[in-house]
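The structure appears right after this line, and notes come after that.
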Amino acid sequence: MKQQPMLNVQNLSVAFHHKGKVNTVVNNISFSIAPGETTAIVGESGSGKSVSALSILKLLPYPKAFHPTGHIFFGEKDLLTMADEDIRQLRGGDISMIFQEPLTSLNPLHTIEKQISEILFFHEKKTSKEIKKYTLELLEKVKIRDASKRLGAYPYELSGGERQRVMIAMAIANKPKLLIADEPTTALDVTVQAEIIKLLMQLQKDMGMSILLISHDLRLVKSVAQNTYVMKDGHMIESGLTENIFKNPKKFYTKELMKPLPKPRSLKEKSNKIILNLESVRVTFSLKKSFFGKVLDSYTAVNNVSVSLKEGHTLGIVGESGSGKTTLGLSMLQMIQYQGLISLEGKDLKKINKKNPRAWRTSMQPVWQDPYGSLNPRMGIGEIILEGIKIHKKGLKAQEYKSLLEEILDEVQLSSSMQQRYPHELSGGQRQRVALARALILKPKILILDEPTSALDHTIQRQIVKLLQDLQEKYNLSYVFISHDLAVIRALSHNVLVMKEGYAVEQGTVQAIYDNPQETYTKQLLKASKVI
Amino acid sequence: MALSPLNQYRWKIFKKNKRSFLSLRFFLVLFGLSLMANFIANDKPLFVHYDDQFYFPIFKNYPETIFGGDLEITADYRDNYIKEKIEKKGWMIWPPIPYNYDTVNYNLDKPVPSSPTTDNWLGTDDQGRDVLARLIYGFRLSVLFGLTLTIIAGFLGVMIGGFQGYFGGKFDLITQRITEVWMSLPLLYMIIILTSFIKASFWWLLIILVFFKWTALVFVVRAEFLKARNLEYVKAAQALGAPRRLILWRHMLPNAMVAALTMLPFVLNGAITTLTSLDFLGFGLPPGSASLGELLSQGRNNIHAPWLGISGFVALALLMSLLTFIGEGIRDAFDSRKIRKI
């Protein structure tokens, strides 16, 4: 390294006192950040990357947390031995931080002007007139539209992207030398992510600050960071120039991280049988009703969507938050009121459901996003998986249920000892397999998969995608795969439907959509996901 | 029945809270003892050995004539005449406190209320009845009354709150308004009015109080059910085709029960307080029954006999504190934030 590093972390360890024991989460890590550069720490959940970043500003719950070893040199000073008063001066001054969740990091009760100027008051003693002017300048710098009109806005009036811009404005208010960005784009839509990253890079160039980027997103790191450190289970396992790491990863784990999602599989047998057909499906929510039930104001979540799913195929539904993709999935499952026609193997599902609301459920099953919320924490895994089959196939012998259960556990690659466990003892990936097993045991023809991989780490995501591909091939299953993640959609889908604000913007085969998009919105989406 | 791991974990958290666990044990001991009140404080001996035969006066009434008395009436073992007769041909064992809650001690050498002596450990009240015996029976009555009231009111509250939360919409809206109006009725005055034309007895009082106390849990349970409707595992059960009663019973009720259970010790506390205040005002249980409220009111009327007020206060304060500490422990044990950390 040619320059003197701006931040130099040496042999840092972080440990927590937990129930009388010491729990070490970060082990002897060292890294440094040069002025004006972007350094990234990459790792999956639980790798200790956020804890390491938080210890720079001593934002951990001390004295429960402590540092058995290490120094953090910022210039000449060791931040770990610094007095609390001095650290407070640094926070939001020379070092500032932005967090993942822009909704909870802003105080909902104060206007954005008040929240930004607060930081200026703490650090630079100026007159209130100057502060107002400077606040406006900051908002313009982070490119908030109509900045002068938005000064008095409350956080709820802003979109997710705008909130993150306000957070950035607050972070750069005192011209920091180092900006720590902890998963700054994870909670945002892809198109917004690209804009925020562009903004950060622009600001870095203008202000000459260093950025420490904490992320699990390799595409993001690859495109912005000069140096990359890879963390796993509290250890720094690899470090170097980003280029070198991506071109030539040395450690097995880094290679695993870099591995792309499995390639899409070509269909073995081309069936033209349409299994699920939607004709101008429309879902409206009434926002306001009179006492007698007259709808006074309503919101259309899905607007005239027609699409069909062929047997053994996967239909990918892509869209950003609020596009109505989840609502469309719920309407297929008959779990929400809709207008229009949804037919299963040529028969109107609404009618079937009215006649017998139970029997047809064996042919269509959902798997949802949240692996924590979708399993009843009070039930054992075996009970959870068998719940459906006990409703639809009553009166089997205990032994028969047991063999069904073991068969399905094997199918989703869980060991049969899992059946006695409870959801909280399982990891995210394992839980998602349980949710899959619960659906599969009914031998459905269609699976509605609503973001089943978005809450999972990259390596786990890859395993689940592969499992889904295998199962589809084996049982000729049809999938409706709902996601915001274009890479996962590409790996699994044969046909793609792009949704925006309730409308079907574009649909076609996966090749047509990815290689030759027609609509501007589709192009935007694809571009955004490639930029990052 | 084996506890599920979740409940085992909750039990562990509860036990860790030393104050709550100690309170629970202490309360169970006191409650157990008070359930056996008839063997601890009674005006009949535990056994009588007379003429080579055993008698158990607590379980069975024997006429005086068996022990050589003259009349066909139930033997009064505290009567010196009968005592002498029995002791001549045998012996008897008395409970540690030889008074029932309504036994009047006629052998006092002081005017009532008399101060504590070796015979009456906490003195007597203004009708010459032993205070300690009345405390033990009063404790039992209060706790049993509170428990019955809490169970019935809790059951009703969970049912009504559950239906409100599950069905939502107009049913919820209308029943909610009714509940609110109902809750704002002044409980004490209503009961005073009602008891003026109903002869108050244990069961009547219970029915009237259930009438007003069922609202205690409705709001919490309703909120839990509303929340549970949108839980993913409830939706998953719907998608599996699970019938409504199964979803309600298996997936939604346990959630609501956590909230309800957390509230129960405090509802129990409130029930006991209400009973005591009614007794204190003289609108509660029929005159003569052992009640803590009546003891307190005697304490107020006889300031010169502080043992009345002090023993009533200590007993009530102890009971309330124990229940509150137990409630705190339960609340912590069911705290989902703590559960999630496992």
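A short reminder: the numbers here are calculations on the coordinates, not readings from a lab. All figures in this text were calculated on a predicted structure; none of them were measured in a lab. Cβ: placed from backbone, ideal geometry, glycine included. Neighbour counts: every protein chain shown.
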Chain B: C-alpha gyration tensor shape, a/c 1.5 cut-off, then a/b vs b/c: prolate
Extension gain, A:Lys394 back to A:Glu118 (0.36 nm per residue minus Cα-Cα distance, nm): 92.9 nm
Using θ = phi - 60° and Karplus 6.51 cos²θ - 1.76 cosθ + 1.60, couplings along the range A:423-432 (whole Hz; Gly, Pro as x): x, 5, 8, 9, 7, x, x, 5, 4, 5
Under-5 Å amide H pairs with A:Thr24, H placed in peptide plane, nonlocal only: A:Phe16
Inter-label distance, nm, simple model (7 Å from Cα along the C-beta direction), B:Asp335/A:Ser159: 4.0 nm
Inter-chain shielding of B:4-10 (mean C-beta neighbours from other protein chains, 10 Å cut-off): 3
FRET E, pair B:Gln176, B:Glu87, Förster distance 51 Å, beta-carbon r, rounded to 0.05: 0.15
Pairs beyond 25 Å (Cα-Cα), from A:Lys402/A:Lys445; A:Lys288/B:Lys227; A:Lys397/B:Lys235; A:Lys355/A:Lys390: A:Lys397/B:Lys235
Relative packing of A:273-283, A:220-230, A:80-90, which averages over residues the other C-beta atoms within 10 Å, highest first: A:220-230, A:273-283, A:80-90
Phi-based couplings in Hz for the range A:51-61 (Karplus 6.51, -1.76, 1.60; Gly and Pro marked x): 4, 4, 5, 5, 6, 4, 9, 6, 9, 7, x
Calculated from backbone phi, Karplus (6.51, -1.76, 1.60) coupling profile of the range A:496-507 in Hz, x at Gly/Pro: 10, 10, 9, 10, 8, 6, x, 9, 7, 6, 7, 9
Gyration tensor (alpha-carbon) shape descriptor, the range A:135-215, a/c threshold 1.5: oblate
Amide proton proximity set for A:Met499, modelled H, under 5 Å, gap of 5+: A:Val318, A:Gly319, A:Val505
Unit charges on C-beta of K, R, D, E only; dipole of the protein assembly as shown, Debye: 2760 debye
Nearest-0.05 FRET efficiency for A:Met335 and A:Asp410, computed from C-beta distance (R0 30 Å): 0.50
Label-point gap, in nm, between A:Leu109 and A:Asp233 - each point 7 angstrom along Cα→Cβ: 4.5 nm
Net dipole in debye of the range A:274-528 [+1 Lys, Arg Cβ; -1 Asp, Glu Cβ; about Cα centre; nearest 20]: 980 debye
Averaged over B:227-234, number of beta-carbon atoms from partner chains that fall within 10 Å: 4
Point-charge dipole on Cβ atoms (K/R +1, D/E -1) for chain B, about Cα centre, debye to 20: 2540 debye
Peptides ranked, highest mean first, by Cβ atoms within 10 Å: ranges B:124-137, B:4-17: B:124-137, B:4-17
Extension reserve of the B:Leu108-B:Ile192 stretch, reckoned as 0.36 nm per residue once the Cα distance is removed: 26.6 nm
Using alpha-carbon coordinates, inclination of helix A:398-411 to the longest axis of chain A, degrees: 50 degrees
Among B:Phe155, B:Asn255, B:Leu22 - extreme Cα towards positive end, dipole of chain B, charges at beta-carbon: B:Asn255
Of B:Asn38, B:Asn269, B:Asn61, the one that fluctuates the most in a GNM where chain B has Cα springs shorter than 10 Å: B:Asn61
Nearby aspartates and glutamates by direct alpha-carbon distance to A:Lys325 (threshold 13 angstrom, same-chain neighbours under 8 apart not counted): A:Asp450, A:Glu451, A:Asp485, A:Glu501
Degrees, to the nearest 10: A:112-123 long Cα axis against longest axis of chain A: 30 degrees
Interchain or long-range residues, amide H under 5 Å from A:Gly312's placed H: A:Ser478
Contact order normalised by residue count of the range A:274-528, Cα under 8 Å, 6+ apart, percent: 27 percent
Cα centroid of the range B:25-84 to Cα centroid of the range B:238-269, whole Å: 47 Å
Where Rh is the Kirkwood radius over Cα pairs, Rg/Rh for the range A:274-528: 0.98
B:Phe167/A:Lys350 FRET efficiency (R0 30 Å; Cβ-Cβ; nearest 0.05): 0.85
Violating pairs (Cα-Cα greater than 21 angstrom) within the set A:Lys141/A:Lys527; A:Lys247/A:Lys527; A:Lys77/A:Lys175; A:Lys149/A:Lys177: A:Lys141/A:Lys527; A:Lys247/A:Lys527; A:Lys149/A:Lys177
Kyte-Doolittle at least 1.0, axis length at least 18 Å by Cα - qualifying DSSP helices, chain B: B:18-35, B:131-167, B:253-281, B:306-333
Between 0 and 90°, nearest 10: helix A:458-475 axis offset from chain A longest Cα axis: 10 degrees
Positive-end residue, the protein assembly as shown charge dipole about Cα centroid, Cβ charges, pick of A:Tyr134, A:Asn356, A:Tyr503: A:Tyr503
Percent breakdown of C-alpha pair distances by 10 Å bin, ordered from the shortest bin, for the protein assembly as shown: 2, 9, 15, 17, 17, 14, 10, 7, 5, 3, 1, 0
Spin-label model distance (nm) - B:Phe155 vs B:Phe21, 7 Å beyond Cα toward Cβ: 3.3 nm
